[in-house]
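J.: One structure is given below, represented as structure tokens, and several questions about it will come after.
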Amino acid sequence: MKIFLTLHRFYSLFSDLAEIWGSYPFREIIERARKGVDAMYPADALKPSIMLLKGANIYKHPTRYATLDELLLLPPAFTPLRLKKMSELLREPVFTDVDLRHSLGGFNVMMPVMVASMGSVHVANKISLEIARGAARMGIPMGIGENVATMWGYSKRVKSGQPCFKERVMTYLENLDGDVGGVTIQQSVEDAYNELWNRVYSDPDIEPFIQKGLIGFEIKVGQGSKPGLGGEVRLSREEAERLMDKYHLSEDPRSAVRDRVERHSAPGTFLPEILRGMIRMMRNNYPRCRIWVKLGPFRDLPEVLDVLTSEGVDAVWIDGREGGTGMSPYASMRHLGLPLIAALCSISRQLESRVGSTSFIVSGRLYDGGHLVKCLCLGLDGVAFGRPVAVSAWIAGSRGVENYLKTVELEAKMLISALGKYRVRDLSREDLGCLDRDIAESLGVRYVYS
Amino acid sequence: METEVSVELQRLAEVLRQSWKQVRTPKMKAILKVQDVACDAMRRYLKSKGFIELLPPIIGPVTDPGIRGAKQATIDYYGREYKVMSSAILYKQVAVSGLGKIFFMSPNVRLEPIDSALTGRHLVEFVQLDLEIAEASYFDAMAVAEQLLSEAVNAVRDTCQKELELLGRQLPTIKPPFKKLTYDETIEYLRMRGVKVRYGVEIPWDAEQLLSKLIGEPFFVIDYPRGARGFYDREDERRPGILRDFDLIYPEGYGECASGAEREYRYEKVLERMKETGEDPRKYGWYLEMLREGIPPSAGFGIGVERLTRYLCGLDFVWEARLCPKLAGIYSP
């Protein structure tokens, strides 16, 4: 009896302390007091593999906003398209008969998935060649984020463990099988200093792939977890000194007390006419390349999409607030931008009445075949995966990337066949139901409890 | 990867590898004579009209970025980067602020995309007669351009009969003023003839060549839409989205002769336009500083000397009009 009382007293004391501790963000404030600016980022560049996971902190409060989990796929009993497929095959179709081949932003793809553009952050760059091999072998497009050439060199490594820009491009292109896939390349304001796109466009090694239509240039107007902010990377003092001329740094690395300084990249300045002019300039200068635009979860997405579709860009990629958390300050991850599903609600009109040939792609905490199929049902052309591909590459190299993508492929085939459909373009909103009445209404899908 | 293009490039490389031999041939001698006469005629005409010839700048912290996907050549300048002039446009604006009417015979380098080697109209290293007039409109600039072209044609016809005969060239008579088609009219003209052209970008080379054959005399295409040209072509304030600029096109399928415009000289406007081209304004520090202080409005253009020679001599390829020519991706003397 006495031991129970003692345990109870300890438990009460502990519960009280935990309650006090949990009732106020003491830990965060203490971290800020101890580490100053260093505490603003989830990233710890000294332990890259940990950093890969730490950005996921925002998922600590998964109920804070709705995700694609609010949606369910609703198979019917009557399946006319299955009958049609049967007559084509002369046997009962099974899920492996689903054809995921599609066109995405001007590229032919084996499935409507792409590897999100990962940039120059140490952790992403280090595994980038594994990712490139895996993505190419699976016949899906891959993006290359901004600042890679400026940070890690165009065709020569500036640091032995970090692949340079062209290694990433060529590893991908040389591992492609046939004319499927494609690589999109971002250029930050700072990359523009060195004319990255012009350099790619006049590079003899890349030329044969430009001829085959496998190269795209991607204008980055924003990114999921930090819409309105530019790329952020923490650099060692030596790295920062090398890049002083080209970037805005948090402090002069020559006199910095801290081991690392933040490299801030400018977010770019846009108006409708600037964006229009930029797209035209790219069409003019790079007529043989695809033009892609990546957007953050901005409140004026519908207006931006109107500009982009009327200019006929090859793809628009919208990154929800859950995406691109690789190196974002806590403050932006908590407070900036629309959740992916809200972004989708805001562009519901454009998704319903698609005009022109622009592909729509989304990303942000998407990682399985179900996410892919739900997005396709909503009228999107594909999804982009970032973190899951990076984690797979860290765990098991390019084989890990392929294994992971194969699970997505198979899941998608299963789910699509369950809907009685066998082609990507047959999917539609009728295949979806929503657990929330407001979201159902905004997205134009059935409310499951009605 | 052996493609038709790469086979063609190899063949061209083989010809250019021995380009030092070309100057001894009667054909090349005739071509260079015609070039000399044409340049001399243009110089004389400009000087008679009060233009001052300046020595062209070769390198600088920045150069013309509006060069259609070509890359600028960079050199290491005592540990910092300098660009080799892709055109002297920014320096022309410097010069007119003090001198009013100027021109350069300006050597330019543009690392063009590899596919340009086979167009017959691109060189990596070439010379432009690049001129600028303070306080002038693009119509004033076009008047000079058409006059210059006819001066060159007349001088060559009058003094190079022997050379033209050797080259098998009969030069047509050209009479300014030349026809002016707006960009919109040009696109319409092409579409009516079944040519697929995208609105909003420069007219593709093959379409331009077709136009040049169909129209049968030199003509201007004016008023390009914003986005199709560099940040320094001035937008028409009464017609937003339309630039006050032009291209002069040769007849007979020879394509572009000159490209020019009224210049945007206002600091804020240039900054805004720079964003469209994804340019980092920091790179243009001195230029923006100059604009902020104020420079006069101006208009001007550049005539490619080798393309002019190609037209005058009736050559198939522009690289035939230059001593030891350099083509994209081909390493040659």
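J.: Return the residues of region B:226-250 that are of a type in the set (A, V, I, L, M, F, W, C), outside any loop (DSSP other than H, G, I, E, B) and free of Cβ contacts under 8 Å to residues at least 60 places away in the same chain; say none if nothing qualifies. Explain how you work it out, then say what you get.
T.: So the first thing to find is which residues in region B:226-250 are of a type in the set (A, V, I, L, M, F, W, C), and the list is B:228, B:231, B:242-243, B:246, B:248-249.
Of the ones still in play, those that are also outside any loop (DSSP other than H, G, I, E, B) are B:242-243, B:246, B:248-249.
Across region B:226-250, the qualifying residues are B:I242, B:L243, B:I249.
J.: Listed residues A:R276, A:R258; which is at the interface with chain B (Cβ under 9 Å from one of its Cβ atoms) and among the basic types (K, R)?
T.: One residue alone meets the criteria, A:R276.
J.: Does any residue of region B:249-270 turn out to be within 11 Å of chain A (Cβ to nearest Cβ) and more than 23 Å from B:A88 (Cβ to Cβ)?
T.: Kept after step one, since they are within 11 Å of chain A (Cβ to nearest Cβ), are these residues of region B:249-270: none.
Within region B:249-270 (the criterion being within 11 Å of chain A (Cβ to nearest Cβ) and more than 23 Å from B:A88 (Cβ to Cβ)), the answer is no, since none of the residues qualifies.
Matching residues to (1) touching a residue at least 40 places away in the same chain (Cβ under 8 Å); (2) under 24 Å from A:G105 (Cα atoms):
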site: A:V158; (1), (2): yes, no
site: A:R168; (1), (2): yes, yes
site: A:Y172; (1), (2): yes, yes
site: A:E190; (1), (2): yes, no
site: A:L196; (1), (2): yes, yes
site: A:V200; (1), (2): no, yes
site: A:P208; (1), (2): no, yes
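J.: I'd like to verify a number: residues in region A:322-366 that are surrounded by 18 or more Cβ atoms within 10 Å (Cβ to Cβ), assigned to a loop (DSSP other than H, G, I, E, B) and not hydrophobic (A, V, I, L, M, F, W, C), how many?
T.: Number of matching residues: 12.
J.: Can you list residue pairs whose Cβ atoms sit under 6 Å apart, with the first residue in region B:58-70 being at the interface with chain A (Cβ under 10 Å from one of its Cβ atoms) and the second being among the aromatic types (F, W, Y) and in a loop (DSSP other than H, G, I, E, B)? Count only pairs 6 or more apart in sequence or on different chains.
T.: Hits for this filter: B:G69/A:Y286.
J.: Further question: Filter region B:1-27 for residues that are within 23 Å of B:Y311 (Cα to Cα) and touching a residue at least 40 places away in the same chain (Cβ under 8 Å); which is farthest from the chain's Cα centre (by Cα)?
T.: In this case the residue turns out to be B:P26.
J.: Kindly check whether there is at least one residue in region B:11-32 that is within 14 Å of another protein chain (Cβ to nearest Cβ) and not in a helix (DSSP H, G or I).
T.: no
J.: State all residues of region A:179-210 that are more than 7 Å from chain B (Cβ to nearest Cβ) and outside any loop (DSSP other than H, G, I, E, B); if no residue qualifies, say none.
T.: A:V183, A:T184, A:I185, A:Q186, A:D191, A:L196, A:W197, A:V200, A:F209, A:I210
J.: Taking region B:71-85 on its own, how many of its residues are of a type outside the set (A, V, I, L, M, F, W, C) and either more than 10 Å from every other protein chain (Cβ to nearest Cβ) or in a helix (DSSP H, G or I) (or both)? Walk me through how you get there before you give the answer.
T.: Going residue by residue through region B:71-85, those that are of a type outside the set (A, V, I, L, M, F, W, C) are B:71-72, B:74, B:76-83.
In the following step, the residues that additionally are either more than 10 Å from every other protein chain (Cβ to nearest Cβ) or in a helix (DSSP H, G or I) (or both) were identified as B:76-79, B:82.
The number of residues fulfilling the criteria is 5.
Residues checked against (1) within 30 Å of A:E207 (Cβ to Cβ); (2) away from every other protein chain (no Cβ under 14 Å):
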site	(1), (2)
A:M281	yes, no
A:R299	no, yes
A:P302	no, yes
A:D314	yes, no
A:W317	yes, yes
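J.: If I ask for residues that are under 24 Å from A:V109 (Cβ atoms) and either modelled with pLDDT of 95 or more or not charged (D, E, K, R) (or both), which ones from region A:302-318 would you list? First the steps, then the outcome.
T.: Pass one, region A:302-318, residues under 24 Å from A:V109 (Cβ atoms): A:305, A:308-309, A:311-318.
Result: A:L305, A:L308, A:T309, A:G312, A:V313, A:D314, A:A315, A:V316, A:W317, A:I318.
J.: Follow-up question, since we're still on this one. Quick check on this structure: which one of A:G178, A:G228, A:G161, A:G143 is in contact with a strand residue (DSSP E or B) (Cβ under 8 Å, 6 or more places away or on another chain) and of a type outside the set (V, I, T)? Spell out how you get there, then give the answer.
T.: Details: A:G178 fails: in contact with a strand residue (DSSP E or B) (Cβ under 8 Å, 6 or more places away or on another chain); A:G228 fails: in contact with a strand residue (DSSP E or B) (Cβ under 8 Å, 6 or more places away or on another chain); A:G161 fails: in contact with a strand residue (DSSP E or B) (Cβ under 8 Å, 6 or more places away or on another chain).
Checking each option against the conditions leaves just A:G143.
J.: Then there's this: Go through (1) within 14 Å of chain A (Cβ to nearest Cβ); (2) surrounded by 15 or more Cβ atoms within 10 Å (Cβ to Cβ); (3) not acidic (D, E) one by one and return the number of the condition B:V7 breaks.
T.: With respect to (1) within 14 Å of chain A (Cβ to nearest Cβ); (2) surrounded by 15 or more Cβ atoms within 10 Å (Cβ to Cβ); (3) not acidic (D, E), B:V7 is out only on (2).
J.: Look at B:L271 and say whether it is hydrophobic (A, V, I, L, M, F, W, C) and within 20 Å of B:L181 (Cα to Cα). Show your work before the answer.
T.: Details: hydrophobic (A, V, I, L, M, F, W, C): yes; within 20 Å of B:L181 (Cα to Cα): no.
Against the criterion (hydrophobic (A, V, I, L, M, F, W, C) and within 20 Å of B:L181 (Cα to Cα)), B:L271 does not qualify.
J.: Could you list all residues from region A:127-164 that are assigned to a helix (DSSP H, G or I) and either of a type in the set (S, T, Y) or modelled with pLDDT of 95 or more (or both)?
T.: In the first step, residues of region A:127-164 are kept if they are assigned to a helix (DSSP H, G or I); the result is A:128-137, A:148-152.
Of everything in region A:127-164, those that are assigned to a helix (DSSP H, G or I) and either of a type in the set (S, T, Y) or modelled with pLDDT of 95 or more (or both) turn out to be A:S128, A:L129, A:E130, A:I131, A:A132, A:R133, A:G134, A:A135, A:A136, A:R137, A:T150.
J.: Please find, among A:V383, A:V401, A:V389, the residue that is touching a Ser or Thr at 6+ places or on another chain (Cβ under 7 Å), of a type outside the set (S, T, N, Q), crowded, with 24+ Cβ neighbours inside 10 Å and assigned to a helix (DSSP H, G or I).
T.: Values: A:V383 fails: assigned to a helix (DSSP H, G or I); A:V389 fails: touching a Ser or Thr at 6+ places or on another chain (Cβ under 7 Å).
Selected residue: A:V401, the only one of A:V383, A:V401, A:V389 that is touching a Ser or Thr at 6+ places or on another chain (Cβ under 7 Å), of a type outside the set (S, T, N, Q), crowded, with 24+ Cβ neighbours inside 10 Å and assigned to a helix (DSSP H, G or I).
J.: Taking the condition within 10 Å of another protein chain (Cβ to nearest Cβ) and within 25 Å of the chain's Cα centre (by Cα), does A:L176 pass?
T.: For A:L176, the condition - within 10 Å of another protein chain (Cβ to nearest Cβ) and within 25 Å of the chain's Cα centre (by Cα) - is not met.
J.: Given the options B:I89, B:I75, B:I52, name the one that is surrounded by fewer than 17 Cβ atoms within 10 Å (Cβ to Cβ) and in contact with a Gly (Cβ under 9 Å, 6 or more places away or on another chain).
T.: B:I52
J.: State all residues of region B:106-130 that are of a type in the set (A, V, I, L, M) and touching a helix residue (DSSP H, G or I) at 6+ places or on another chain (Cβ under 7 Å); if no residue qualifies, say none.
T.: Here is the first cut: in region B:106-130, the residues of a type in the set (A, V, I, L, M) are B:109, B:111, B:114, B:117-118, B:123-124, B:127, B:129.
The answer is B:I114, B:A117, B:L118, B:L123, B:V127, B:L129.
J.: State all residues of region B:260-292 that are touching a strand residue (DSSP E or B) at 6+ places or on another chain (Cβ under 9 Å), buried (at least 18 other Cβ atoms within 10 Å of the Cβ) and in a helix (DSSP H, G or I); if no residue qualifies, say none.
T.: B:R273
J.: Considering A:I279, A:I291, which residue is assigned by TED's automatic domain parsing to the domain that holds A:R101, under 19 Å from the mean Cα position of the chain (by Cα), in contact (Cβ under 8 Å) with a residue 12 or more places away in the chain and more than 24 Å from A:S442 (Cβ to Cβ)?
T.: Just one listed residue meets the conditions, A:I291.
J.: Can we say A:V221 is more than 26 Å from B:A73 (Cβ to Cβ), of a type in the set (V, I, T) and within 14 Å of another protein chain (Cβ to nearest Cβ)?
T.: yes
J.: Is it the case that A:G224 is in the same structural domain as A:R387 (by TED's automatic domain parsing), touching a residue at least 40 places away in the same chain (Cβ under 8 Å), within 19 Å of the chain's Cα centre (by Cα) and more than 17 Å from A:L301 (Cβ to Cβ)?
T.: Numbers: in the same structural domain as A:R387 (by TED's automatic domain parsing): yes; touching a residue at least 40 places away in the same chain (Cβ under 8 Å): yes; within 19 Å of the chain's Cα centre (by Cα): yes; more than 17 Å from A:L301 (Cβ to Cβ): no.
Criteria not met by A:G224.
J.: Collect the residues in region B:107-131 that are acidic (D, E) and surrounded by fewer than 21 Cβ atoms within 10 Å (Cβ to Cβ), keeping them in residue-number order.
T.: Within region B:107-131, B:D115, B:E125 meet the criteria.
J.: Turning to a different aspect of this structure: Quick check on my filter: what residues within region B:279-333 are of a type in the set (V, I, T) and either in contact with a helix residue (DSSP H, G or I) (Cβ under 6 Å, 6 or more places away or on another chain) or within 14 Å of chain A (Cβ to nearest Cβ) (or both)?
T.: First, pick out the residues of region B:279-333 that are of a type in the set (V, I, T): B:295, B:303, B:305, B:309, B:318, B:330.
Within region B:279-333, B:I295, B:T309, B:V318, B:I330 meet the criteria.
J.: Would you check which residues across region B:168-192 are assigned to a helix (DSSP H, G or I) and surrounded by fewer than 19 Cβ atoms within 10 Å (Cβ to Cβ) and list them?
T.: Going residue by residue through region B:168-192, those that are assigned to a helix (DSSP H, G or I) are B:183-192.
Within region B:168-192, B:D184, B:E185, B:E188, B:Y189, B:R191, B:M192 qualify.
The values are calculated or read from the model by the stated rules, or taken from the named source; none is laboratory data. Here the structure is a predicted model, which means the values were calculated and not measured. In this analysis, Cβ positions are derived from the backbone assuming ideal geometry, glycine residues included, and neighbour counts consider all displayed protein chains.
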